[in-house]
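Report on one structure; see the data block that follows.
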Amino acid sequence: MKIVVLAGGISSERDVSLSSGGMIYRALKKNGHQAILLDVYLGCEGDAEGIFEKETDWAAQVGAIGEENPDLEVVRALRKDGGKGFFGPQVLDICQRADCVFLALHGANGEDGRIQACFELMGIPYTGADCTGSCLAMDKGITKDLFAAYGVPAPAGIRLRKGDVEERRIPYPCIVKACCGGSSIGVRIARDDLEYAEAKDEAFRYGDEVIVEQYIKGREFSVGVMNGKALPVIEMAPKEGFYDYRNKYQAGTTVETCPAQVPREQALRMQGIAEQVFRVLRLRSYARMDFVMSAQGEIYCLEANTLPGMTPTSLLPQEAVAAGMDFGQLCEEILRMALAEARG
C-alpha cells in the first residue's frame, strides 16, 4: 500500500514524534509497503510526482531524542512561506493520494483531534483514535471529569486557569502539569509554596489551564489497549526521580519490566480499568493508559495516550512483544484496524 507516515509538527513532543515516525516508516518499508515519512509542518518542497515510488531513505535525517524538548522557533524558521497554516507544502495533497496515513504525531495539533477532524472531512483514512476520542483524552481536565463521572480511580485534583483565585488547594506534595500535553513536559512535583509557584509558571508555558493533583508515591505502570482488549502490563522504574521526559526517552535511565511483576489480581484490575477508560473516552483502534500504584496497593489511572510513542524505548511496542507481536506486526495490525474503520 501507499502509506504516509506523518510526524514532526510544532508541538513540544516534536522530537519524540520524529523518532516514532522513523521506526514506523522503516517497519512498513520492511513489510513491503510504499511508505514515505513526511513532516506535517515542513512538508515537501520538491516535486511530489511519483513520490511513493522514489528510492529515498525518508528517515535518514531523523536523530536521537535530546534530553530537553526542542526549540520550536528554530523549526518555524525553516518554513519558506513563513509558517502560514499548520500543514506544510503539499502535505494534504500527498495524504489524499495515500491508501492510509499512519499518524506518528504527538501533542498539540497532532493528538488533540484537529488533524483527525480535517482528515475525516477530506475522506483520508488514518490510524488511531477519531477526532472526538482524541479531543477528550488530550484535555486532562475533561479526562478527569469523565473519570469521576464513570468511577475510574484517579488522583484527587483541580483545574486552574491563568489568573484564577484558588478556592481549593491540593495538599503538598502535589503534581502540577499542563492540561494539554504529553511526555511529562510541563510536569513538576511541588513540596512547598516556592516549588508550587515555580511549577505553575512552568506548566502555564504550555497553555492557559493546568492540572494540580495529589501526588501518589509508588510504582508506575502502563497498559496498552488494542481494539478494546488490554495488552500485558508494563512497569517503569526510573533509576532517579519520576518518569519524566528524560527518563522516558534516554536509554538506560529507566528499568522496564513486561509483563510487570505484580500479583495476577492487580494486573487484571489494571487491565480492566484500561479497557474501561478506552470505552469512557470513546477511543478506537489503540491507546495506552498510565497508572500508579501506592504502597498500599491502591491503583490510580493518570491519563490516556491516544497515539502512544513508537520509539526505541517506547512502552506499547514492548507490551506487544510480550503478547507475541513484533514491531512490524504491530504496525500492520494498526493499519488493518484503520482501514477496517474507514470501510465502516
Would a scan of the range 18-32 turn up a residue that is under 22 Å from the mean Cα position of the chain (by Cα), within 26 Å of GLU303 (Cα to Cα) and basic (Lys, Arg)? no
Pairs, first touching a residue at least 40 places away in the same chain (Cβ under 8 Å) and charged (D, E, K, R) in the range 2-17, second open to solvent by 10 Å² or more (accessible area, probe 1.4 Å) and in a strand (DSSP E or B), C-beta under 6 Å, six or more apart: LYS2/GLN34
Restricting attention to the range 1-37, and to residues there that are in a loop (DSSP other than H, G, I, E, B) and more than 12 Å from HIS106 (Cβ to Cβ), which single residue is most open to solvent (accessible area, probe 1.4 Å)? MET1
Look through the range 307-326, keep the residues that are open to solvent by less than 10 Å² (accessible area, probe 1.4 Å) and outside any loop (DSSP other than H, G, I, E, B), and return whichever of them is farthest from ALA154 (Cα to Cα). ALA320
Is there a residue being in contact (Cβ under 8 Å) with a residue 24 or more places away in the chain, over 29 Å from TYR215 (Cα atoms) and of a type in the set (A, V, I, L, M, F, W, C) anywhere in the range 284-297? no
How many of the residues in the range 292-338 are under 20 Å from GLU256 (Cβ atoms) and under 15 Å from the mean Cα position of the chain (by Cα)? 15
Cβ-Cβ under 7 Å, sequence separation 6+ or interchain: first residue in the range 140-163 and part of a loop (DSSP other than H, G, I, E, B) and open to solvent by 60 Å² or more (accessible area, probe 1.4 Å), partner at pLDDT below 95 and not basic (Lys, Arg). Which pairs? LYS162/PHE204; LYS162/ASP208
Please find, within the range 48-86, the residue that is surrounded by the fewest Cβ atoms within 10 Å (Cβ to Cβ) out of those that are acidic (Asp, Glu) and modelled with pLDDT of 90 or more. GLU49
Inside the range 165-178, can you point out the residues that are at pLDDT 85 or above and among the hydrophobic types (A, V, I, L, M, F, W, C)? ILE170, CYS174, ILE175, VAL176, ALA178
Going through the range 109-139 one residue at a time, which ones are in contact (Cβ under 8 Å) with a residue 40 or more places away in the chain, open to solvent by less than 40 Å² (accessible area, probe 1.4 Å) and in a helix (DSSP H, G or I)? ILE115, GLY133, SER134, LEU136, ALA137, MET138
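Condition check ((1) part of a helix (DSSP H, G or I); (2) at pLDDT 95 or above; (3) crowded, with 16+ Cβ neighbours inside 10 Å) across all residues:
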{"site": "GLY252", "(1), (2), (3)": "no, no, no"}
{"site": "ALA260", "(1), (2), (3)": "no, yes, yes"}
{"site": "LEU268", "(1), (2), (3)": "yes, yes, no"}
{"site": "ARG279", "(1), (2), (3)": "yes, yes, no"}
{"site": "GLN329", "(1), (2), (3)": "yes, yes, no"}
Return the only residue of ALA304, ALA342 being farther than 26 Å from VAL187 by Cα and outside any loop (DSSP other than H, G, I, E, B). ALA342
Reported set for the range 298-316 where residues are farther than 24 Å from THR132 by Cα, at pLDDT 95 or above and in contact with a helix residue (DSSP H, G or I) (Cβ under 8 Å, 6 or more places away or on another chain) is ILE299
Only residues that are within 24 Å of ALA137 (Cα to Cα), outside any helix (DSSP H, G or I) and at pLDDT 90 or above: list them for the range 189-208, please. ILE189
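Let's see how each residue does on (1) among the small types (Gly, Ala, Ser); (2) modelled with pLDDT of 95 or more:
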{"position": "GLY88", "(1), (2)": "yes, no"}
{"position": "LEU103", "(1), (2)": "no, yes"}
{"position": "HIS106", "(1), (2)": "no, no"}
{"position": "GLU120", "(1), (2)": "no, yes"}
{"position": "TYR126", "(1), (2)": "no, yes"}
{"position": "GLY133", "(1), (2)": "yes, yes"}
{"position": "LEU146", "(1), (2)": "no, yes"}
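The values are calculated or read from the model by the stated rules, or taken from the named source; none is laboratory data. Treat the numbers as computed from the prediction; the structure is a model and nothing was measured. Positions of Cβ are generated from backbone atoms using ideal geometry, with glycine treated the same way; all protein chains shown enter the neighbour counts. Just the protein is used for accessible areas: all its heavy atoms, side chains included, with ligands, DNA and RNA removed. Shrake-Rupley method; radii C 1.70, N 1.55, O 1.52, S 1.80 Å.
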